[in-house]
Amino acid sequence: MSAWSSPRRNRLAAVAVAAVAAAASLTSCSSSSSDSAKDPLAGSKASGDTVVVGSNNYAESILLGDIYGEALKAKGIKVTYKPSIGSRETTYGLLKNGTLTVLPEFNGALLAYLDAKAAPTTEAATDAAVTGKLDPKLTLLKPAAAQDKDSITVNAATASKYHLTSNSTIADLAPVGKDITIGASPEFQTRQQGLVGLKSVYGLTPKSFKALDAGGALTEAALKNGNVQAADIFTTDPTITKEKFVVLQDPKNLFGFENVVPLVYKTGLSQAGADALNAVSAKLDTATLLDLDAQVQSDSKDPLVVAKAWLTSVGLV
């Protein structure tokens, strides 16, 4: 596991139990939680006329799976859902053997799984590195602009005090670092994609550091309550919207690349299906994904309903 990717992977593991419970509560209304609610792997492998859309066991992946599935259905493609299966260690193998046809992925985290030593410096290099390591039966489609990755995020009071906006960068926080306490996982203190990189890349040295968790409830609460002024928060965390946090831009890509991208079993998806999923990627940016996540995770909406409404709003169904 590479240093730059591990915070996100730890975070996904931390939310998995809660996401499974949330998904289970939707079994009566979401097609992504219907025929496979009791056993996400129930049924046969993908057949020539059916695309099996899987998802990992957390809310964002389930939502993305619904978006992919409904976009395919809109093109007349028969779809079966296998939601909330488990971690990448399980779902990658299911793609390789053809049990799944399509899975929402994140290019950086997938690369870290396939090659722990890789450290690409551009989105294109990330995708190329993943492609070079993928099983030959699999392929990546076009990545979305949407990313779910680590960020330096400040609370509303700090943003107001130092005139920071969504257009501000991490470098803009550097001049007031002497007044800032940053909260994050304990490992953040010694990682390049942490305090080490914040200093070397952006010249930001905080007054102090508070060891909390990897973008989870402890970090969110500390930022909300002002116990820290800045924190490592994931860019599609609904708390950002709810608490009016401000995510600082990372133009030097200290935190790497975590673009949403469809991972596909090649022979199981037609060109029409690939085109449909590429059209989704063309419309999906980080702000949109944050909003959709908030509807599901904060407002307790059915992810299938959220998926359909968004696809309709952008003309994809």
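Side notes on the structure shown:
- Criterion: buried (at least 20 other Cβ atoms within 10 Å of the Cβ), in contact with a strand residue (DSSP E or B) (Cβ under 6 Å, 6 or more places away or on another chain) and not hydrophobic (A, V, I, L, M, F, W, C) - qualifying residue of Pro303, Pro262, Pro251: Pro262
- Every residue from the stretch 200-247 that is in a strand (DSSP E or B), of a type in the set (D, E, K, R) and surrounded by fewer than 23 Cβ atoms within 10 Å (Cβ to Cβ): Lys210
- Subset tally (residues that are outside any strand (DSSP E or B) and under 19 Å from the mean Cα position of the chain (by Cα)) for the stretch 132-141: 1
- With respect to being crowded, with 17+ Cβ neighbours inside 10 Å, farther than 25 Å from Lys96 by Cβ and either in the same structural domain as Thr267 (by TED's automatic domain parsing) or free of Cβ contacts under 8 Å to residues at least 60 places away in the same chain (or both), Ile180 fits the description.
- Selected residue (only one of Thr99, Thr131, Thr126 is without any contact (Cβ under 8 Å) to a residue 60 or more places away in the chain and either closer than 15 Å to Gly54 by Cβ or buried (at least 16 other Cβ atoms within 10 Å of the Cβ) (or both)): Thr99
- Residue count for the stretch 147-188, restricted to those that are within 14 Å of Asp250 (Cα to Cα) and among the hydrophobic types (A, V, I, L, M, F, W, C): 7
- Summed over the stretch 73-94, the residues that are surrounded by fewer than 24 Cβ atoms within 10 Å (Cβ to Cβ) and part of a helix (DSSP H, G or I) give a count of 7.
The values are calculated or read from the model by the stated rules, or taken from the named source; none is laboratory data. Computed from a prediction, not measured in an experiment: that's the story for all the values here. Cβ sites come from the backbone with ideal geometry, for glycine too, and all protein chains shown count toward neighbours.
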